[in-house]
Amino acid sequence: MTVKRITFLQELLAFIGLEERLHLSWISSAEAQKFVRVVTDFTEKIRELGPNPLAGYNGIIKPAELEPASGFGKGQVAQQ
Amino acid sequence: MQCKLVPSICSYCGTGCGLLFEVIDGKINSTLPMKTHPVNEGKLCIKGWNLHEHINSFMRLKHPLVKTFGRFIKTDWDEALQVTADRFKEIVAKHGPDSVGMLVSAKITNEENYLAQKFARAVIGTNNVDHCARL
Amino acid sequence: MNDRVKRWLEDGTVDLFLGYKMIMGHPLPHCFVKEKIEEVNDLIIGPARYSLEKIATHIAAVKPDIKIGLLARDCNQRALNVLYIWNQLNPENVRTVNVNCCPSNLKEHGDCSYLEHEAAGSFKRQVGIDNNLQPENIEGYGQSQRLSRWMYEFQKCIKCYGCRNICPVCFCQECSLEHRELVGTGALPPEIPIFHLVRAVHMAGRCIDCGLCEDACPVDIPLRLLYQKVNEIVSDVFDYKTGTGDSQSPFNILGDTVTLEPKPIQLAKTAN
Amino acid sequence: MKEDRFEPKILAFVCNWCAYGAADLAGVSRMQYPPNVRAIRVMCSATVSPHHILRALQDGADGVLVGG
Amino acid sequence: MAGLAAAFGSGAMTNSIADIEDAGCIFVIGSNTTACHPLIARRIFRAKEKGAKLIVADPRNIQLSRFADVAVQHRLGSDVALLNGMMHLIIRNGWQDKDYIAQRTEDYEALEKLLQSYTPEKVKAITGVDPADLENMTELYATHPPASLLYAMGITQHTTGVDNVKSCCNVAMLCGYVGVHGGGVNPLRGQNNVQGACDMGGLPNVYTGYQPVADAEAREKFSTAWGTELPDSPGLTITDMIPAMLEGKLKGLYVIGENPKLSDPDWNHLNHALKELDFLVVQELFLSETAQVADVVLPAASVAEKDGTFTNSERRCMRIHKAIEPVGNALPDWQIIARLSTAMGYQMDYASPEEIFDEMTALTPKSYAGMTYERLGLDGLQWPCPDGQHPGTPYLHKDQFTRGKGKFHAVEYKDPAELPDKEYPYFLTTGRMFAHFHTGTMTRISPHLDVEQTTGYVTINPQDAGSLDIKEGDVLILSSRRGQMEAPAKISGSVEPGTLFLPIHFGENPTNVLTNAEAFDPLAKIPEFKVSAVNIEKLAS
């Protein structure tokens, strides 16, 4: 069930453009080395992907920094 | 069991969106947007979608209240209106019609606004009529 | 159609019938009853579509044993199937008159063009998502394009909750969208994309692709497209086609044994 | 803020019986792994709702790892 | 509305809501449309997506700013300077519609002369708007016809409210955008029937359809129709009533469906005034703050419990239908008024609102005369609708202005009545948030709306919050020359540093303790809600 649910979410996130930021792996309690490997690999992968583009949507980055730049006005992110 | 959908207009902002009240057994159950209305074309905002909630609220006033010795006492219409009429007449007699003011409302219907200003002008005899357009 | 409805009302097959009637030039949903049987002559299929099945659930919540008849396009029928599965309506108390429907992925042919969108404007095509596209088209965009296009659409959200309110299969008593720990409150636009994704997650195994959500959206967010993708994933991953069978969706958001406890929503509303 | 190297923030939901045990063992065995990961112990990876993951991403996590 | 009437001769939205979609450029000033008029914001988005340009000028950074081609945050209360600056550039670049100005307007020369001094540099000094932005927005507005100008309370709730509106009219007329499909000057009315209340004569100086009480002919007509003598001098506005109460001139007050205790400026001042009254009647759905201090409270029926008509922003008069019986003993307002009137010795017998409507249309020849309940149907009709065949008017001033020629007003910029100083260093502005409405009497008891925002708050810029060491949710004490109040802080970049925003909906954080009752527009008598000077400090925990 977990696999399917995570797969579902992975595909949904991919659909809106947030690929590969969610990862599932099976690690038994004895597999310390596997844990280290998974964590290291995943960290490296995320490092390549760059920061979470959503991180700024509550007022830190401008939407204009996302492409296509022409899509947004010059206004900064605002809250009500 | 009685179920009907009654067309009406949203009473929040000045946009005037068309909506339907879903009435089941004499109680408004939900609010739906009117799909074919020229103003909102089947869409509503958060306030419009929840318009029925304030109508159904238990906080609604259900009886006329008259304050006696600082406390509200429930009363019937005849008494409440008689008290009001007597007091207004007294004030008008003592201080003249321009000592009474009337605030009509942007929440009531055109007919009621018309009657209210008619009441102030013809019955009381004052032009002290205003409402919250400025606010 | 009108004769059948009359017969049903007269012989007590149904206690009331939900259809459409032209009222002052507007096709509005109307509840036909035996006492006013002559009104059935004015019963029409109605070019505008309302969620009659949702009205039916509200009636059933007040009076569970009442027999309800209604006009059903294919999407209504799928919605009814979902409502039966989740115990919102008792199939034994519901009779339908089937009418033509709209084209959808779950049905190959149909002649109701109700949901055909007008052509998207130039700016929307440039930075947003054309409501007429299919999920495959979106996948054709690059990753960052996809994100910025969806974020453009989500940013327009005015948090009217119309997508949820109009949805015929949204009936939970408590809504995740109103959990302040899940979705922040008080700001416009709402927290994006979580507001829309939480709803998308909830649509898995529920959405019957009727498109009413998109139709109710004041700012034309292509919600139907998003949920079509959700349906596609559910169909791929879980091998479940919503609204077609009589089993509950294998997808539930909490765990294997926990299911949502569906309760008629208006109990909460009228209690206020 | 000067950043030479982007240090991702990663949230890990780890199962009490599986991955958490592994993480614990890794710690006890003094194995080196990146410090970017914040682990949340859950009783079973199946209790991780998609909502939790979405919330993490919304709040700025650069990646989410589910360890079953 | 006084400003619009002075310029055009008619105080209402010139165009229709649906028209906005067909504009070439939309200029939104002083309106947070997505929150306050969401279904009008829909039209803005649709126009934008079809390729229209969008300009947003608002002291706050609002949702629409994200989509704007040019978004400027001008200093609070500097609207006139901004608009004059735009007009200066329009004339300098020769973008004005010379034929239109010559044929359809008057008093242009005075304006042109005045505008010479409003150079972009001067405008920057007053408004803080960058000359390049000003240039940009002016070009977009002037060169993408037709441009629709939308404004709301951000323009009118100033001491210079009428000047602001006149300036909006000036800029639209200068480019020839009034009286065309998709253009116009469009005030968005805050309440569902403000337009109707004004049309029906709910104002101290006019009868229905803006027929002046001072006009002998009009007075004679109403006097005959109503069978009684009528007073000839204009009465008191709400802002005049408060001092009249304090002076003991006004003894009795009849309030229908309003909550002035929360909505009127300077709460403490008004509180005193209400206490001075001999007799206060409040007719309401709920026991509002004002009703609590009343002598008699009359329970009224809600929108779903009566028949009648509403007139929306775009002058569309529409029917409402009775869906349920009034709760408890409540009565529709028209029945209450009629019975009260009868009790006072003036017989009012109406079987239905339709009779009242027909009486009203007969007395309102120019705008409502052609309307009947039957003709209104569900779509309604847009006034002017002078006769039974008239299809209604989607946009005003088509071939000529209601007053004949459109009038330009040369308007100098004036500072708001109160500017920040050493003692009160912050600008305070007030407004609405999307889930609540006005004083919250209706929305705050609505569970699905209350869930969005249960308490009041004050929005503060992260920079100010940082310098005062304020964290999200910290309770702040706000004080002005009128009083002080507390509210939890909400840190957001939506306001500029030095500016605070307070929503008006929350009775326990009564915004109007702080606002300025002394300062109102001399003509329209609209209080200056949008600008006051305050100080803040953190509540010691």
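The values are calculated or read from the model by the stated rules, or taken from the named source; none is laboratory data. Note that the coordinates shown come from a computational prediction; the quantities given were computed from them, not determined experimentally. Cβ: placed from backbone, ideal geometry, glycine included. Neighbour counts: every protein chain shown. All accessible areas refer to the heavy atoms of the entire protein, side chains included, with ligands and DNA or RNA removed. Shrake-Rupley method; radii C 1.70, N 1.55, O 1.52, S 1.80 Å.
Mind telling me which of the residues D:46, D:26 ends up being surrounded by fewer than 24 Cβ atoms within 10 Å (Cβ to Cβ), at the interface with chain A (Cβ under 8 Å from one of its Cβ atoms) and more than 19 Å from residue A:10 (Cα to Cα)? Step through it out loud before you land on a result.
Details: D:46 fails: more than 19 Å from residue A:10 (Cα to Cα).
Matching residue, one of D:46, D:26: D:26.
Can you tell me which residue among C:197, C:133, C:147 is within 14 Å of chain A (Cβ to nearest Cβ) and buried (at least 24 other Cβ atoms within 10 Å of the Cβ)?
Numbers: C:133 fails: buried (at least 24 other Cβ atoms within 10 Å of the Cβ); C:147 fails: buried (at least 24 other Cβ atoms within 10 Å of the Cβ).
None of the other options fit; the residue is C:197.
Evaluate the following for residue E:327: is it among the hydrophobic types (A, V, I, L, M, F, W, C) and open to solvent by 30 Å² or more (accessible area, probe 1.4 Å)?
Numbers: among the hydrophobic types (A, V, I, L, M, F, W, C): yes; open to solvent by 30 Å² or more (accessible area, probe 1.4 Å): yes.
Yes: the conditions hold for residue E:327.
Does residue B:8 qualify as being touching a helix residue (DSSP H, G or I) at 6+ places or on another chain (Cβ under 7 Å) and either over 30 Å from residue E:245 (Cβ atoms) or open to solvent by 10 Å² or more (accessible area, probe 1.4 Å) (or both)? Talk me through it step by step, then tell me what you get.
Numbers: touching a helix residue (DSSP H, G or I) at 6+ places or on another chain (Cβ under 7 Å): yes; either over 30 Å from residue E:245 (Cβ atoms) or open to solvent by 10 Å² or more (accessible area, probe 1.4 Å) (or both): yes.
Considered against the rule, which asks whether it is touching a helix residue (DSSP H, G or I) at 6+ places or on another chain (Cβ under 7 Å) and either over 30 Å from residue E:245 (Cβ atoms) or open to solvent by 10 Å² or more (accessible area, probe 1.4 Å) (or both), residue B:8 comes out as yes.
Quick test for you: out of A:7, A:40, pick the one residue that is at pLDDT 85 or above, more than 7 Å from chain D (Cβ to nearest Cβ) and either open to solvent by 30 Å² or more (accessible area, probe 1.4 Å) or part of a loop (DSSP other than H, G, I, E, B) (or both). If you could, list the steps in order and put the result at the bottom.
Details: A:40 fails: more than 7 Å from chain D (Cβ to nearest Cβ).
Exactly one residue qualifies, and that residue is A:7.
Just to check your reading of the model, which residue among B:100, B:39 is in contact (Cβ under 8 Å) with a residue 24 or more places away in the chain and in contact with a helix residue (DSSP H, G or I) (Cβ under 6 Å, 6 or more places away or on another chain)? Break it down into steps so the answer makes sense when it comes.
Details: B:39 fails: in contact with a helix residue (DSSP H, G or I) (Cβ under 6 Å, 6 or more places away or on another chain).
Answer to the check: B:100.
When you go through (1) open to solvent by 10 Å² or more (accessible area, probe 1.4 Å); (2) closer than 21 Å to residue B:30 by Cβ; (3) of a type in the set (Ser, Thr, Tyr) one by one for residue C:20, which number turns out not to apply?
Evaluating residue C:20 over (1) open to solvent by 10 Å² or more (accessible area, probe 1.4 Å); (2) closer than 21 Å to residue B:30 by Cβ; (3) of a type in the set (Ser, Thr, Tyr) leaves (1) as the failure.
Listed residues C:59, C:45; which is among the aliphatic types (A, V, I, L, M) and at the interface with chain B (Cβ under 8 Å from one of its Cβ atoms)?
Values: C:45 fails: at the interface with chain B (Cβ under 8 Å from one of its Cβ atoms).
Going through C:59, C:45 in turn, the sole match is C:59.
Take the residues in the range C:150-176 that are assigned to a helix (DSSP H, G or I) and surrounded by fewer than 21 Cβ atoms within 10 Å (Cβ to Cβ), then tell me which one is nearest to the other protein chains (Cβ to nearest Cβ).
First, pick out the residues of the range C:150-176 that are assigned to a helix (DSSP H, G or I): C:150-155, C:162-166, C:176.
Of the ones still in play, those that are also surrounded by fewer than 21 Cβ atoms within 10 Å (Cβ to Cβ) are C:164, C:176.
Working: C:164: 9, C:176: 7 Å.
Checking each candidate, the answer is C:176.
Identify, from the list B:36, B:84, B:68, the residue that is β-branched (Val, Ile, Thr), modelled with pLDDT under 95 and more than 30 Å from residue E:452 (Cα to Cα).
Working: B:36 fails: more than 30 Å from residue E:452 (Cα to Cα); B:84 fails: modelled with pLDDT under 95.
Exactly one of B:36, B:84, B:68 is β-branched (Val, Ile, Thr), modelled with pLDDT under 95 and more than 30 Å from residue E:452 (Cα to Cα), namely B:68.
If you take the residues in the range B:68-83 that are surrounded by 11 or more Cβ atoms within 10 Å (Cβ to Cβ) and more than 20 Å from the chain's Cα centre (by Cα), which one is nearest to residue E:342 (Cα to Cα)?
B:82
Can you tell me which residue within the range E:476-504, out of those that are open to solvent by 50 Å² or more (accessible area, probe 1.4 Å) and part of a strand (DSSP E or B), is nearest to residue E:434 (Cα to Cα)? Spell out the reasoning first.
Here is the first cut: in the range E:476-504, the residues open to solvent by 50 Å² or more (accessible area, probe 1.4 Å) are E:481, E:484, E:486, E:496-497.
From what is left, the residues that are part of a strand (DSSP E or B) are E:484, E:486.
On the way: E:484: 25, E:486: 22 Å.
Only one residue tops the list, namely E:486.
Restricting to the range E:364-391, give me the number of residues that are closer than 18 Å to residue E:178 by Cα and either more than 26 Å from the chain's Cα centre (by Cα) or assigned to a loop (DSSP other than H, G, I, E, B) (or both). Before the answer, list the steps.
Taking the range E:364-391 as the starting set, the residues that turn out to be closer than 18 Å to residue E:178 by Cα are E:382-384.
Still in the running and either more than 26 Å from the chain's Cα centre (by Cα) or assigned to a loop (DSSP other than H, G, I, E, B) (or both): E:383-384.
Count: 2.
Residue B:58 is checked against (1) over 30 Å from residue C:12 (Cβ atoms); (2) part of a strand (DSSP E or B); (3) more than 8 Å from chain E (Cβ to nearest Cβ); (4) of a type in the set (A, V, I, L, M, F, W, C) and fails just one. What number does that condition carry?
Of the numbered conditions (1) over 30 Å from residue C:12 (Cβ atoms); (2) part of a strand (DSSP E or B); (3) more than 8 Å from chain E (Cβ to nearest Cβ); (4) of a type in the set (A, V, I, L, M, F, W, C), the odd one out for residue B:58 is (2).
Is the range E:196-206 home to any residue that is touching a residue at least 24 places away in the same chain (Cβ under 8 Å), closer than 26 Å to residue E:34 by Cβ and either in the same structural domain as residue E:104 (by TED's automatic domain parsing) or not hydrophobic (A, V, I, L, M, F, W, C) (or both)?
Looking through the range E:196-206, at least one residue is touching a residue at least 24 places away in the same chain (Cβ under 8 Å), closer than 26 Å to residue E:34 by Cβ and either in the same structural domain as residue E:104 (by TED's automatic domain parsing) or not hydrophobic (A, V, I, L, M, F, W, C) (or both).
Residue C:75 - would you say it is open to solvent by less than 20 Å² (accessible area, probe 1.4 Å), outside any helix (DSSP H, G or I) and at pLDDT below 90?
Working: open to solvent by less than 20 Å² (accessible area, probe 1.4 Å): yes; outside any helix (DSSP H, G or I): no; at pLDDT below 90: yes.
It is false that residue C:75 is open to solvent by less than 20 Å² (accessible area, probe 1.4 Å), outside any helix (DSSP H, G or I) and at pLDDT below 90.
Out of curiosity, is residue E:379 within 14 Å of chain B (Cβ to nearest Cβ) and free of Cβ contacts under 8 Å to residues at least 60 places away in the same chain?
So residue E:379 does not fit the description; no.
Output the number of the condition that residue E:109 fails; it satisfies all remaining conditions of (1) surrounded by fewer than 18 Cβ atoms within 10 Å (Cβ to Cβ); (2) touching a Gly at 6+ places or on another chain (Cβ under 6 Å).
The number of the failed condition is (2).
Taking the range B:23-49 as the search range and keeping residues that are open to solvent by 10 Å² or more (accessible area, probe 1.4 Å) and assigned to a loop (DSSP other than H, G, I, E, B), which one is farthest from the other protein chains (Cβ to nearest Cβ)?
Among them, the one singled out is B:41.
Out of everything in the range C:191-235 that is touching a helix residue (DSSP H, G or I) at 6+ places or on another chain (Cβ under 8 Å) and without any contact (Cβ under 8 Å) to a residue 12 or more places away in the chain, what residue ends up being farthest from residue C:164 (Cα to Cα)?
C:191
Sort through E:69, E:79 and tell me the only one that's buried (at least 17 other Cβ atoms within 10 Å of the Cβ), among the charged types (D, E, K, R), within 28 Å of residue E:18 (Cβ to Cβ) and in contact with a Leu (Cβ under 8 Å, 6 or more places away or on another chain).
Checking each option against the conditions leaves just E:69.
Could you check chain D for strands (runs of 3 or more DSSP E) lying wholly inside it with 2 or more residues that are touching a Gly at 6+ places or on another chain (Cβ under 6 Å)? It would help to see each step written out before you state the result.
On the way: elements: D:10-15, D:37-42, D:63-67.
Correct list: D:10-15.
How many of the residues making up the range E:294-321 are more than 28 Å from the chain's Cα centre (by Cα) and either surrounded by fewer than 23 Cβ atoms within 10 Å (Cβ to Cβ) or more than 7 Å from chain B (Cβ to nearest Cβ) (or both)?
The initial filter retains those residues of the range E:294-321 that are more than 28 Å from the chain's Cα centre (by Cα), namely E:295-296.
Next, from what is left, pick out any that are either surrounded by fewer than 23 Cβ atoms within 10 Å (Cβ to Cβ) or more than 7 Å from chain B (Cβ to nearest Cβ) (or both): E:295.
Of the residues in that region, 1 qualify.
Suppose we filter the range D:49-68 for residues that are at the interface with chain A (Cβ under 7 Å from one of its Cβ atoms) and either over 21 Å from residue A:34 (Cα atoms) or free of Cβ contacts under 8 Å to residues at least 24 places away in the same chain (or both); how many remain? Reasoning before the result, please.
First, the residues of the range D:49-68 that are at the interface with chain A (Cβ under 7 Å from one of its Cβ atoms): D:50, D:53, D:57-58, D:60-68.
Retained after the next criterion (residues that are either over 21 Å from residue A:34 (Cα atoms) or free of Cβ contacts under 8 Å to residues at least 24 places away in the same chain (or both)): D:50, D:53, D:57-58, D:60-62.
Number of matching residues: 7.
Is the range B:116-132 home to any residue that is more than 7 Å from chain E (Cβ to nearest Cβ) and of a type in the set (Lys, Arg)? Spell out the reasoning first.
Keep residues of the range B:116-132 that are more than 7 Å from chain E (Cβ to nearest Cβ), which gives B:120, B:124.
Narrowing further to those that are of a type in the set (Lys, Arg): none.
No, the conditions are met nowhere in the range B:116-132.
Among the helices (runs of 4 or more DSSP H) confined wholly to the range E:216-285, which include 1 or more residues that are within 8 Å of chain B (Cβ to nearest Cβ) and either within 27 Å of the chain's Cα centre (by Cα) or β-branched (Val, Ile, Thr) (or both)?
Working: elements: E:216-226, E:238-246, E:260-263, E:267-276.
Result: E:238-246, E:260-263.
Only one of E:184, E:128 is open to solvent by 10 Å² or more (accessible area, probe 1.4 Å), within 20 Å of residue E:31 (Cα to Cα) and not charged (D, E, K, R); which?
On the way: E:184 fails: open to solvent by 10 Å² or more (accessible area, probe 1.4 Å).
Sole residue among the options that is open to solvent by 10 Å² or more (accessible area, probe 1.4 Å), within 20 Å of residue E:31 (Cα to Cα) and not charged (D, E, K, R): E:128.
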